[in-house]
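First comes the structure, then the notes that go with it.
The values are calculated or read from the model by the stated rules, or taken from the named source; none is laboratory data. Keep in mind the model is a prediction, meaning the values are calculated, not measured. Glycine also receives a Cβ, built like all others from the backbone with ideal geometry; neighbour counts cover every protein chain displayed. The accessibility values were calculated without ligands, DNA or RNA, using every heavy atom of the protein model including side chains. Shrake-Rupley method; radii C 1.70, N 1.55, O 1.52, S 1.80 Å.
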Amino acid sequence: MLFHLRILVHAIMQRKKYLALILLPPFIFLVVQAFIPHRYHMTQDLAVEEGAMFVLGQNPLETVRLESLVQRPEILFTDTLALMDLRNHLLITEAAHRPEWSEWLPSTFAVFVQRAIYENLSLTMKDGHTLSLEYHGPDRDLGAALINFYSQRLMAGARRAAERSLVQLTLETGEPLGGRSALGKVYVEAPMQVSTSRVLYSRERAGPALWTLGVSTVIVLSFMCLAQYRRPRLYSVRQASRCLDARVLGSFPDLNKIKFH
């Protein structure tokens with residue numbers, strides 16, 4: 001074992017310039033990753049008419065005012081029925097589906113969905129008449145699926161609340177109001193806006209970069225040792241005695257290492 005270590009040390013000492021090749025693969029990895037989008041910022045604006053109400057739960061009599069929805073977006077995002085529908089939506093949406101999801105337990109997938117919502121999704125009010133759904137995260141397909149799902153849920157909730165208001169008004173007045181337009185309509189104001197951000201280094205890339213560095217180190221040192229083995233030489237007096245099958249009475253030092261004064 002010590003013999004092989006000695007050969008490795010000799011290989012490193014004689015070929016120091018090749019050690020720089022160890023840093024080449026990690027450097028290439030980081031440069032390539034710098035050109036790949038690190039995070040996506042996706043925004044979907046929804047126009048909201050004045051006095052909009054929403055029915056977001058199973059009970060059609062439970063309505064949510066626009067102001068309450070903006071102050072407490074969890075009413076929209078983390079309702080039990082909404083999370084169940086969202087999980088089904090992600091599993092059947094081809095663009096957002098991931099093969100590993102099929103192997104996850106339902107509880108594991110539920111935790112993943114809730115974490116994606118809490119960390120990456122937000123609902124804000126702009127200009128008093130525009131609701132903005134925003135996703136800020138690393139997965140573009142997942143972000144688009146989340147925004148599309150909650151946009152449809154907002155529009156469906158507003159439509160159900162408007163229909164309920166018309167029915168209630170019809171019962172109160174005794175006159176059919178089917179021809180009137182529903183108040184509080186919500187509709188898509190503009191196409192989804194997508195922007196990206198790129199960084200040279202992030203914490204998520206540390207693991208793959210270190211793994212690449214380790215593999216590169218093993219490969220470079222292996223080639224250096226292999227080259228050293230292909231050039232047989234004697235490294236010690238004991239090795240010379242064994243190879244020559246003769247007794248060694250003495251040895252001369254390396255004169256190149258002696259400084260003459």
Going by the structure shown, is V167 of a type in the set (A, V, I, L, M), open to solvent by 50 Å² or more (accessible area, probe 1.4 Å) and modelled with pLDDT under 65?
-> yes
Can you tell me which residues in region 36-55 are within 31 Å of the chain's Cα centre (by Cα) and either modelled with pLDDT under 85 or of a type in the set (D, E) (or both)?
-> I36, P37, H38, D45
Please work out which residue is farthest from I92 (Cα to Cα), limiting yourself to region 104-131 and to residues that are crowded, with 17+ Cβ neighbours inside 10 Å and in contact with a strand residue (DSSP E or B) (Cβ under 8 Å, 6 or more places away or on another chain).
-> L131
Filter region 199-222 down to residues that are among the polar types (S, T, N, Q) and under 23 Å from the mean Cα position of the chain (by Cα) and give me whichever is nearest to I36 (Cα to Cα).
-> S202
Quick one: which of L123, L83, L90, L105 is more than 17 Å from G143 (Cα to Cα) and free of Cβ contacts under 8 Å to residues at least 60 places away in the same chain?
-> L105
Filter region 104-122 for residues that are of a type in the set (S, T, Y) and outside any strand (DSSP E or B); which is modelled with the highest pLDDT?
-> Y118
Could you tell me which of the residues M125, M155 is assigned to a strand (DSSP E or B) and assigned by the TED database to the domain that holds L56?
-> M125
Look through region 170-191, keep the residues that are among the hydrophobic types (A, V, I, L, M, F, W, C), open to solvent by less than 50 Å² (accessible area, probe 1.4 Å) and part of a loop (DSSP other than H, G, I, E, B), and return whichever of them is modelled with the lowest pLDDT.
-> A182
For residues that are within 27 Å of the chain's Cα centre (by Cα) and free of Cβ contacts under 8 Å to residues at least 12 places away in the same chain, scanning just region 59-80, find the one that is most open to solvent (accessible area, probe 1.4 Å).
-> R72
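Per-residue answers, yes or no, for (1) open to solvent by less than 40 Å² (accessible area, probe 1.4 Å); (2) over 30 Å from T212 (Cβ atoms); (3) assigned to a helix (DSSP H, G or I):
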| site | (1), (2), (3) |
| --- | --- |
| V32 | no, no, yes |
| G51 | no, yes, no |
| G57 | yes, yes, no |
| L86 | yes, yes, yes |
| L90 | yes, yes, yes |
| E94 | no, yes, no |
Taking region 46-72, which residues are closer than 12 Å to M155 by Cα and of a type in the set (D, E)?
-> E49
If you scan region 139-164, which residues turn out to be open to solvent by 80 Å² or more (accessible area, probe 1.4 Å), in contact with a Lys or Arg (Cβ under 9 Å, 6 or more places away or on another chain) and touching a residue at least 40 places away in the same chain (Cβ under 8 Å)?
-> none
Picking from L234, L200, which residue would you name as being of a type in the set (A, V, I, L, M), open to solvent by 100 Å² or more (accessible area, probe 1.4 Å), part of a loop (DSSP other than H, G, I, E, B) and at pLDDT below 80?
-> L200
Go through (1) touching a strand residue (DSSP E or B) at 6+ places or on another chain (Cβ under 9 Å); (2) part of a helix (DSSP H, G or I) and name the single condition A82 misses.
-> (1)
Limited to region 203-212, what total is found for residues that are aliphatic (A, V, I, L, M) and open to solvent by 60 Å² or more (accessible area, probe 1.4 Å)?
-> 1
